[in-house]
Amino acid sequence: MKKLLLLLALLSINWTMKAQVPVWYNPNVPSVLVNGSTAATQPNPYDYTTDIATDQFVVRLTNIQMATTPLSGVTGGTYSFNSACTGTQANLTAIAGAVTSILVWIPVGSGCQAGDVITFQAGNYDALVQITSVNGSGQPTAGTILYGGTGYSSGTAVAETGANAVQFTFLLSGTLTSGATFVMPFGSYLLTSNQWFWANNTTGAFTTTVCQAGSAGANTCAGGGRTAVLPQGPANSCTALLNADGIANVDVVYNQCAASITGGSATGLTALSTAALTAIGTKFSVTGCGTATSLVGGSLAGKFVAAQAACTPVISTNLTAPTGYSCWMNDQTTTSVKFQQTAYSQTTATFTATGTLGGTDTINFGCLEF
């Protein structure tokens with residue numbers, strides 16, 4: 001869809017050729033380049049200025065609009081693509097075209113906030129860095145490289161700018177230690193409305209949310225706006241298609257993992273593959289039966305081998321349910337043993353056993369959120 005829209009836009013472009021120099025025609029500019037003259041061209045495909053654009057610029061912009069961006073090391077907190085950072089610089093190291101370290105944050109510029117995602121104005125303009133701290137002048141003092149990008153070289157005083165969000169696919173990975181919120185650019189229906197695929201490959205029992213910023217430079221979600229919660233799943237198994245209106249709302253268009261979506265939030269089938277109702281997601285953990293072994297399954301169903309006869313299992317799903325879980329459990333080895341669920345929380349389910357286990361019994365279980 002993006003490529004079609006761009007091609008339609010290209011049909012309206014009038015190219016004037018003077019001595020084999022391509023000129024991007026702008027009806028608001030009264031003249032074009034004369035034969036033998038030169039002008040600065042724009043290498044940055046994200047740029048909105050009136051600098052001359054070549055066919056290389058157009059091809060790069062087309063490619064970026066369909067690009068996939070992997071974001072690794074996602075641990076939680078704010079990741080804002082709505083940054084107002086300007087004039088900042090850093091010294092960086094690049095290996096094989098990817099930014100691998102930031103040696104020095106140069107104290108220049110302003111407008112940055114912790115949680116802002118920025119890029120370097122070099123290479124292919126695709127490296128992404130989360131600012132983790134700023135000084136009193138709004139200048140970055142520390143950051144985490146989410147994606148090293150391509151085409152970069154080591155350099156000093158490399159300019160930075162707020163990252164754009166025109167890429168088509170984001171692949172998230174990392175171990176969450178808190179909830180993660182991705183704040184997308186604010187603007188207008190015309191300029192910042194967008195669609196993306198998001199694949200949440202993170203682990204950890206926390207929520208990942210995508211929202212729309214409510215004003216220029218804000219790194220918080222728009223008040224009263226709809227948000228989308230991304231279910232977790234390995235190997236891009238829970239990819240979601242989102243639509244942002246550019247003003248306040250992010251809505252889920254399609255999710256290959258969840259059976260239904262309500263108001264941008266996945267239902268309890270977040271951790272199930274609907275094709276065969278197969279439990280997926282981060283594997284459960286269990287306590288109360290000694291050091292259980294041979295854990296197999298996903299978040300909401302699986303099996304384990306108990307390590308002692310006295311067994312009061314507590315299953316941790318690594319998910320956060322709206323209220324709790326309704327579960328069942330069976331002893332496959334000592335079939336006379338019966339389990340009853342006696343308690344639940346938003347992350348756990350607790351059972352008691354009637355009868356005595358053999359000591360190394362195989363136990364299976366399954367749960368549904370409510």
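The values are calculated or read from the model by the stated rules, or taken from the named source; none is laboratory data. Source: prediction; values computed, not measured. For neighbour counting, all protein chains shown are included, and Cβ atoms are generated from backbone atoms with ideal geometry for every residue, glycine included.
Observations on the model:
- Flag if residue 141 is part of a strand (DSSP E or B), out of contact with any Lys or Arg (no Cβ under 9 Å at 6 or more places or on another chain) and hydroxyl-bearing (Ser, Thr, Tyr): yes
- Residues located in region 335-351, provided they are polar (S, T, N, Q), part of a strand (DSSP E or B) and surrounded by 15 or more Cβ atoms within 10 Å (Cβ to Cβ): 341, 348, 350
- Looking at 136, 151, just one residue is free of Cβ contacts under 8 Å to residues at least 12 places away in the same chain, more than 16 Å from the chain's Cα centre (by Cα) and either in a loop (DSSP other than H, G, I, E, B) or within 30 Å of residue 235 (Cβ to Cβ) (or both), and that residue is 136.
- The number of residues in region 110-124 being of a type in the set (Gly, Ala, Ser) and either within 22 Å of residue 213 (Cα to Cα) or at pLDDT 95 or above (or both) comes to 4.
Per-residue answers, yes or no, for (1) out of contact with any strand residue (DSSP E or B) (no Cβ under 7 Å at 6 or more places or on another chain); (2) surrounded by 18 or more Cβ atoms within 10 Å (Cβ to Cβ):
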| residue | (1), (2) |
| --- | --- |
| 161 | no, yes |
| 175 | no, no |
| 190 | yes, no |
| 197 | no, yes |
| 211 | no, yes |
| 226 | no, yes |
| 240 | no, yes |
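- The criterion of being touching a Leu at 6+ places or on another chain (Cβ under 9 Å) and within 12 Å of residue 361 (Cα to Cα) holds for residue 305.
- Annotation: residue 166 fulfils all but one of (1) free of Cβ contacts under 8 Å to residues at least 60 places away in the same chain; (2) closer than 21 Å to residue 250 by Cα; the unmet one is (1).
- Checking each residue in region 184-230 for being in a strand (DSSP E or B) and of a type outside the set (A, V, I, L, M) picks out 194, 195, 196, 197, 198, 200, 203, 208, 209, 211, 212, 221.
- Members of region 113-133 that are closer than 19 Å to residue 95 by Cβ and assigned to a strand (DSSP E or B): 119, 120, 128, 129
- Candidates 183, 166: the one that is β-branched (Val, Ile, Thr), within 19 Å of the chain's Cα centre (by Cα) and at pLDDT 95 or above is 183.
- Lone qualifier among 84, 127, 67 - being under 30 Å from residue 206 (Cβ atoms), modelled with pLDDT under 95, surrounded by fewer than 18 Cβ atoms within 10 Å (Cβ to Cβ) and in contact with a Gly (Cβ under 7 Å, 6 or more places away or on another chain): 84
- Screening region 318-332 for residues that are surrounded by 15 or more Cβ atoms within 10 Å (Cβ to Cβ) and touching a Ser or Thr at 6+ places or on another chain (Cβ under 9 Å) and picking the one that is farthest from residue 207 (Cα to Cα) gives 331.
- The set of residues in region 154-172 being under 18 Å from residue 105 (Cβ atoms) and either of a type in the set (D, E, K, R) or not in a loop (DSSP other than H, G, I, E, B) (or both) consists of 155, 156, 157, 158, 159, 160, 161, 162.
- Looking only at region 352-370, residues that are in contact with a helix residue (DSSP H, G or I) (Cβ under 6 Å, 6 or more places away or on another chain) and either over 30 Å from residue 207 (Cα atoms) or loosely packed, with under 14 Cβ neighbours inside 10 Å (or both) come to 0 in all.
- Counted residues, region 277-298 - those being closer than 15 Å to residue 203 by Cβ and either at pLDDT 85 or above or in contact with a Pro (Cβ under 8 Å, 6 or more places away or on another chain) (or both): 8
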